[in-house]
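One structure is given below, encoded as structure tokens.
The values are calculated or read from the model by the stated rules, or taken from the named source; none is laboratory data. For clarity, every value in this text was computed on a predicted model and none was experimentally measured. FYI the Cβ positions are ideal-geometry reconstructions off the backbone, even for glycines, and counts take in every protein chain you see. Areas reflect the complete protein model, heavy atoms only, side chains present, ligands, DNA and RNA absent. Shrake-Rupley method; radii C 1.70, N 1.55, O 1.52, S 1.80 Å.
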Amino acid sequence: MEKQRCIICRKTLNNGIIINGRILCKACENRLINAKVNTDFYNYYRDCIKKTVVDLLLREKRLSSHM
Ligand SMILES: [Zn+2]
């Protein structure tokens, strides 16, 4: 079986979250969720995984925090 790698930190993973067919480790997911928009950090990660994926994460976070 082929090992999957986190698209941001390139660590090999046994599991993680899959967004739009891309896999992300828990650590990177948390960092991304907590990143503020328009910081270097945010922009860097956005470039890594495409804005749509970031928006998806942020939207999910927003929805769950409203519940
Ligand atoms: Zn990672």
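Please go through the stretch 13-29 and pick out each residue that is without any contact (Cβ under 8 Å) to a residue 12 or more places away in the chain and more than 10 Å from the ligand (Cβ to nearest atom). Spell out how you get there, then give the answer.
Of the residues in the stretch 13-29, the ones without any contact (Cβ under 8 Å) to a residue 12 or more places away in the chain are 14-15, 18, 21, 26.
Passing the criteria: 14, 15, 18, 21.
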Residue 35 passes all but one of the listed conditions (1) closer than 16 Å to residue 59 by Cβ; (2) within 12 Å of the ligand (Cβ to nearest atom); the exception is number (2)
Considering only helices (runs of 4 or more DSSP H) wholly within the chain, the ones with at least 2 residues that are at pLDDT 80 or above and open to solvent by less than 100 Å² (accessible area, probe 1.4 Å) are 26-34
